[in-house]
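For reference, the structure discussed in these notes is given below.
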Amino acid sequence: MNKFKALALGNYTDVKYHPFEKVDREIEGSLEEVAEVTSTGDYGVLNKETLKDYNLFISYTEFSQVPEPQERVAALLDYVANGGGLLVIHNGISLQRNKELMAMMGAKFTGHPEFTTLPVQNSLPDHPIMKGIEPFEIDDEPYRFDMIPHFDTTILAQYEHDNQLWPAAWAHEYGMGRVVYLMNGHQLSCFSVKPFRQLIKQAGLWAAKVW
């Protein structure tokens, strides 16, 4: 299998919650068998000329109240709509500060209870992303979401918290592209959990249309 090209974006400076330093290497390591991953903290890569060279864009971006310029938003929307893959990990859903990107990702992050140990279960074992993913436990933030109404997304995994099941991963098509969201990934230890690393790899393969 030829390796596909992926571009990962996160924050190395001005970080309040989720530094990309070291996490970038974990994401790269999770995909190293299937992809050449370039990690950056430069939001300027959100342009058509740069994105066209990659099969997959990975968001691990930090939360902010400042929306991205509309030309960057348009570039990412166009990239996915025209066949690019988008893999959003944990806080990468912070792109929701732009409503158009929120809609593309399929949900809005609304907050989270305290950090704890979360049991994660495979809700769709026949989906390519979920094949071979065994139930696992992970120390993480239990993110909560409002799913976008009238939007067709597929829940792939759920986590148990407060005696309820909550979305832990989902996937859908957007135009000619594919979008995957993985809820876990708050801290470095998350990326040592083998099923989660496998999930990143398989999500990347599916979103990049290798599968």
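The values are calculated or read from the model by the stated rules, or taken from the named source; none is laboratory data. The model shown is predicted, which means the values in this text are computed figures rather than measured ones. Here Cβ is always computed from backbone atoms with ideal geometry, including for glycine, and neighbour counts include all displayed protein chains.
Observations on the model:
- Per-region count, the range 87-138, residues among the charged types (D, E, K, R) and closer than 19 Å to residue 74 by Cβ: 3
- The residues of the range 191-211 that are of a type outside the set (A, V, I, L, M), over 14 Å from the mean Cα position of the chain (by Cα) and within 26 Å of residue 15 (Cβ to Cβ) amount to a single one, 192.
- Listed here are the helices (runs of 4 or more DSSP H) enclosed by the range 1-117 that have at least 3 residues being of a type outside the set (Ser, Thr, Tyr), within 27 Å of residue 167 (Cα to Cα) and modelled with pLDDT of 95 or more: 23-31, 70-81, 99-105.
- Scanning the range 119-148 for residues that are assigned to a strand (DSSP E or B), more than 16 Å from the chain's Cα centre (by Cα) and surrounded by fewer than 20 Cβ atoms within 10 Å (Cβ to Cβ) yields 119, 121, 136, 137, 139, 146.
- Residue tally, condition within 12 Å of residue 80 (Cα to Cα) and over 17 Å from the mean Cα position of the chain (by Cα), over the range 48-69: 2
- Residue in the range 160-173 that is within 19 Å of residue 94 (Cα to Cα), out of contact with any Phe, Trp or Tyr (no Cβ under 6 Å at 6 or more places or on another chain), crowded, with 21+ Cβ neighbours inside 10 Å and at pLDDT 95 or above present: yes
- Index of the failed condition, residue 154 passing every other in (1) buried (at least 17 other Cβ atoms within 10 Å of the Cβ); (2) touching a His at 6+ places or on another chain (Cβ under 7 Å); (3) of a type in the set (Ser, Thr, Tyr): (1)
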